[in-house]
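Everything on this sheet refers to the single structure shown next.
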Amino acid sequence: MTFQAFKTEIFAQAKTKGFTDCELFQSGGSSFSVRVFNGEITEYKNTSSEGVGFRGTYEGKVGYAYSEIMAPEIIGPLLSNAAANAGIIEEKEVETLYPGDETYPEVNTFNPGLDDTDAAQKIEWALEMEKYAKSLDPRVKIADYCTVATSESFMSIANSYGLDLSHKNNVAMAYLIARVEENGITKSANEFWVGRDFAEFDYKKIAEKAVNKALSYLGASSMESGDFPVVFDNESTRDLFRVFAGIFMAENGQKGFSMLNKDRLGEAIAAPHITLRDDGVCAHSLGSMAFDAEGVATQQKAVIENGVLKTLLYNIKSAAKDGVKSTGNASKTGHGGAITTNYTNLYLEPSQTSFDEIVKGLDKAVLITEMAGLHSGANPVSGDFSFSADGFLIEDGKITRPIEQITVAGNFYELLKGIETVGSDLRFHSFGNGGMGMPSILVNALRISGL
């Protein structure tokens, strides 16, 4: 049964069952991945899934129900479950369905040619990537998690007000962890590639970057404790912001889970040269979206502009609480999820200053490239954090030696004000709804604790 046929039938029956309005949300997709180890295939996956979620207003409250199949016989149970779920809702704020916007941004997130590459070619690339990585240096002992994958996803949303939208996305990915050993000491590093065209894929570059990073960690030791300028490379900057991204969600401020709320709009919360954007359509990312999980058009917006808090991220429900419009940031974890809030494509606006230029301007500083304990070591409400970290010492404008067994500690709200330089090396890692990319940043001072 097609989505359109199922939608027509369930909306008609919902009306007779007492639903005053209703919505049907469909999501699904397919994925392929192959992982190799020591010249053999250790994991081979070729999967697909889809499902629908129904949401409707029943006796003044919104109820949810979902199914993995679309068939006439499940319409009755879906409506009964949604009505029953609506009856146990205790929240005072009622979710509302969205009639739609006049226009939506144009996006192009699907390359039909990606399917032209067959499984045999992807397997060959994975095997060659592992083989090449191990050939680069005798200290390379293992090339682990050597994976080549593709995925395709789709989403449709329609409601009884006439909203009818769909989105399709596909992407390819390759990943490798290189493990090196010297004098009984083992170090590892990963590298990845994401794209929508295998013509841009070079397994040799992935292998070389992973191996070179792993080799650079050999000989690492701790360092003295103290307050130092800290450079976060673009991956560690992304990890840091991902931990604290929830502070920009309006619903968290409304619940007391963030120190940011509508009363702080217009306040300087970061250094004057800091602009943090959340763009639904983003040329830097593979995850552009024309609409969010409620059918609201996504927006191009500065969350922080020149250091000033300009907006929080809203879905319809949280926006109504603050008396504003949704920013197009509603999110669902699949067809069975409830409506929450998430960023679309969140990133710090890069500068023209390269990573090398940042390093050259420092007398003594710490470069952070790896962090652990990101969730257990962070308090998203207060902003305090303390993470185990690895990286490098910077002396006289040069990266001099690798460091390990250190802890970097500070407060994220204070860190925003202490960012002295933003790099030019913006890089997105994730894609789809909830993509994040970051450049390297230089923070004036953080507490570094060594052994």
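Miscellaneous remarks
- Selection of the range 292-315 for residues being open to solvent by 10 Å² or more (accessible area, probe 1.4 Å) and not in a loop (DSSP other than H, G, I, E, B) yields Ala297, Gln300, Lys301, Ala302, Glu305, Val308.
- Candidate set from the range 31-76 (those that are open to solvent by 50 Å² or more (accessible area, probe 1.4 Å) and among the polar types (S, T, N, Q)); member that is farthest from Lys131 (Cα to Cα): Ser49
- Residues that are farther than 26 Å from Ala268 by Cβ and either surrounded by 24 or more Cβ atoms within 10 Å (Cβ to Cβ) or touching a residue at least 60 places away in the same chain (Cβ under 8 Å) (or both) within the range 326-356 comprise Ala330, Ser331, Lys332, Gly334, His335, Gly336, Gly337, Ala338, Ile339, Thr340, Ser354, Phe355, listed in sequence order.
- Checked against the criterion of being closer than 30 Å to Thr327 by Cβ, assigned to a strand (DSSP E or B), in contact with a Leu (Cβ under 7 Å, 6 or more places away or on another chain) and open to solvent by less than 50 Å² (accessible area, probe 1.4 Å), the candidates Met371, Met436 yield just one match: Met436.
- Test: residue in the range 77-99 that is open to solvent by 20 Å² or more (accessible area, probe 1.4 Å) and either assigned to a strand (DSSP E or B) or on the phi > 0 side of the Ramachandran plot (or both): no
- Search result, residues across the range 316-325 that are closer than 25 Å to Ile274 by Cβ, open to solvent by 10 Å² or more (accessible area, probe 1.4 Å) and either of a type in the set (Gly, Ala, Ser) or not in a loop (DSSP other than H, G, I, E, B) (or both): Asp322
- Which numbered condition Ile394 misses (of (1) farther than 16 Å from Gly226 by Cα; (2) out of contact with any Phe, Trp or Tyr (no Cβ under 6 Å at 6 or more places or on another chain); (3) open to solvent by less than 20 Å² (accessible area, probe 1.4 Å)): (1)
- In the range 15-26, the residues that are under 18 Å from Lys61 (Cβ atoms) reach residues that are modelled with pLDDT of 95 or more and in a loop (DSSP other than H, G, I, E, B) with C-beta atoms within less than 7 angstrom, at least six apart or across chains, in these pairs: Asp21/Ser160; Asp21/Tyr161; Cys22/Ser160.
- Every residue from the range 112-164 that is charged (D, E, K, R) and either within 25 Å of Lys213 (Cβ to Cβ) or part of a helix (DSSP H, G or I) (or both): Asp115, Asp116, Lys122, Glu124, Glu128, Glu130, Lys131, Lys134, Asp137, Arg139, Lys141, Asp144
The values are calculated or read from the model by the stated rules, or taken from the named source; none is laboratory data. Keep in mind that this is a model prediction, so the values were computed, not measured. Please note: Cβ atoms are built from the backbone with ideal geometry, for glycine as well, and neighbour counts cover all protein chains shown. These area figures cover heavy atoms from the full protein model, side chains too; ligands, DNA and RNA do not enter into them. Shrake-Rupley method; radii C 1.70, N 1.55, O 1.52, S 1.80 Å.
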